[in-house]
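Engineer: Sharing a structure below in structure tokens format, with a few things to ask.
The values are calculated or read from the model by the stated rules, or taken from the named source; none is laboratory data. On a predicted model such as this, the values are computed, not experimentally measured, just so you know. Glycine gets a Cβ as well: all are built from the backbone with ideal geometry, and neighbour counts include every protein chain shown.
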């Protein structure tokens, strides 16, 4: 029988690995970019998942705040206020403002400097001695540490505050400080201002002499060098340089022209040009031409030695002699005129050269004069500014001296505090509660950012470009029974099979037409399994799905349990189902089915055992058969890629209505990619709160390079709370 197996999967029917279902939906498997925006539902989900962390952090912070608040010593505080400047209607001298642009409307007192003086060790030394008479433990450093001196806003008032755990001590200390400050306002402050006036009066004569000396020196410098300013002098020199350059250029052009004329006169063409412009020469030349014409006429009639011809020749010779003399005279005059003009232009060029030399010396001297002028100007400006500052300071000091004749006024006397300012129990607890909640939420948010898993089916569906075929809820009883027992290495072969009995009851109820209450009473977990099965069947309208692979990205996502549960639901729906454990690395199906694993798929591929000997029917459900993995081979990938395995897959698909293959995880292993092309598709199981997003991405990249039809995903272990169908049917 095993020698005549043939393939009838979708891979064989379609001629390639692409399934006809959703032809364009999975052309490019991938992930959508996750949204970084947090909506209210995400925040509520975060609070629900991290409630223990938020409560724990809040409890710790509130405990620390409460303990610190209860054990904190009470602290008291009191103050007094001083009016340090007269009011505007009383202060007529302040209207004599030296700087009219001063926008300070609060007077001329430098409050920051004044406060530093009031806190200075020199001023506080006497105050500390008076206080130590009553409280010897108080020093300057401890007094300053608990003393606060500040200006009240923009008012002309200085407030002095002191805090301590002894209310009587506060009253005594503030009384001593207030009296000392009032005495200081009359004595030492006025004395220092008068000393400042005397110092300014002593320095003013020397500064005035310095200003006058610099002014005279600057005046002599301008007269000596006819120097108004560097800018004016530079502009004047530049204009002269430009004018001389233009003159030199014009003279050089004329000189070049006359030299060219002089050179041309020495040649034949130049001589002809000069003679052509001479009227006497041209007249003589015309007479010669006329004589030659007459001679030509006479030679026609007479011989050359005839008297008329001889007479004409003699006349021509005379005129030629006169023509040569005239030509020499004209050329001589022309040479003399050109030579004279060249000499004049050369003299002018030499004069311009001398003028340029003098101007260039002035240009070289200009930076020195400019620097000297700038130095004089800077020294004069510094001296003038210094004089202005001293004059301004003198007037200001005189005004302040007049002001100090009006002493500071104590407008609020020190008082003994009755109630402590610290600790403020309600405020401390309220701030502690807010801080604890914020800290807990911040830690939870940080953990959420670090967590690289999906927390609910909605986020899984929103970020994966894959159909969500089903959502399996988290059930503690089922999880304890299935997941934990599977992970134990020493699991017994006699695991209670409560799940199978429950599915058997569902099957019987469906077969005998039981009421809806009985069916929906099985629980939301079983309803979700049926929804998953129905969604898989609805994926194809042309050809039913007869074989599929159930896998996951990483181990521990529950793909074996989903395979086992889906096979039972399909069998309960009346389908002839075969569950094949193709995980030849870490098989789990035999433990879920409570079967021994002495022989199985590996035995069927590597030996000639008949398929019927390996296919085992589950008790209490005739429609479900199982092929366990068998002994773990040394090279599982080699067995799964063999021709024998392809023949077995074809046989299974022809024999059963639905064949479900439980294969190893996709990341890092090739098993699923070798079997998937010979089935109708792959269902990917993703465990909520466990499956790493990076693992899913690696699985997606792995499936891209293989002819695989990815049917969709199953969200396993969803903890979202929903109302059950039983409640719905009872309501209506």
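Engineer: List the helices (runs of 4 or more DSSP H) that sit entirely inside segment 108-170 and contain at least 3 residues that are in contact with a strand residue (DSSP E or B) (Cβ under 8 Å, 6 or more places away or on another chain).
Structural biologist: Once the helices (runs of 4 or more DSSP H) in segment 108-170 are filtered for at least 3 residues that are in contact with a strand residue (DSSP E or B) (Cβ under 8 Å, 6 or more places away or on another chain), what remains is 111-119.
Engineer: While we're on this one: Which of the following residues is modelled with pLDDT of 80 or more and either within 24 Å of residue 225 (Cβ to Cβ) or within 60 Å of the chain's Cα centre (by Cα) (or both): 371, 361?
Structural biologist: Only one candidate qualifies: 371.
Engineer: Another question, then. Given 660, 705, 666, which one is under 45 Å from the mean Cα position of the chain (by Cα), surrounded by 21 or more Cβ atoms within 10 Å (Cβ to Cβ) and in the same structural domain as residue 567 (by TED's automatic domain parsing)?
Structural biologist: 666
Engineer: Which members of segment 220-236 meet the condition of being modelled with pLDDT under 80, over 59 Å from the mean Cα position of the chain (by Cα) and in a helix (DSSP H, G or I)?
Structural biologist: Once the filter is applied, which keeps residues that are modelled with pLDDT under 80, over 59 Å from the mean Cα position of the chain (by Cα) and in a helix (DSSP H, G or I), segment 220-236 yields 221, 222, 223, 224, 225.
Engineer: Filter the helices (runs of 4 or more DSSP H) completely within segment 487-573 down to those with at least 1 residues that are in contact with a helix residue (DSSP H, G or I) (Cβ under 6 Å, 6 or more places away or on another chain) and modelled with pLDDT of 50 or more.
Structural biologist: 524-537, 559-572
Engineer: Assess whether residue 602 counts as being buried (at least 20 other Cβ atoms within 10 Å of the Cβ), touching a residue at least 24 places away in the same chain (Cβ under 8 Å), over 55 Å from the mean Cα position of the chain (by Cα) and outside any strand (DSSP E or B).
Structural biologist: Taking the combined requirement at face value, the residue satisfies it.
Engineer: From the list 291, 387, which one is surrounded by 14 or more Cβ atoms within 10 Å (Cβ to Cβ) and not assigned by TED's automatic domain parsing to the domain that holds residue 241?
Structural biologist: Sole residue among the options that is surrounded by 14 or more Cβ atoms within 10 Å (Cβ to Cβ) and not assigned by TED's automatic domain parsing to the domain that holds residue 241: 387.
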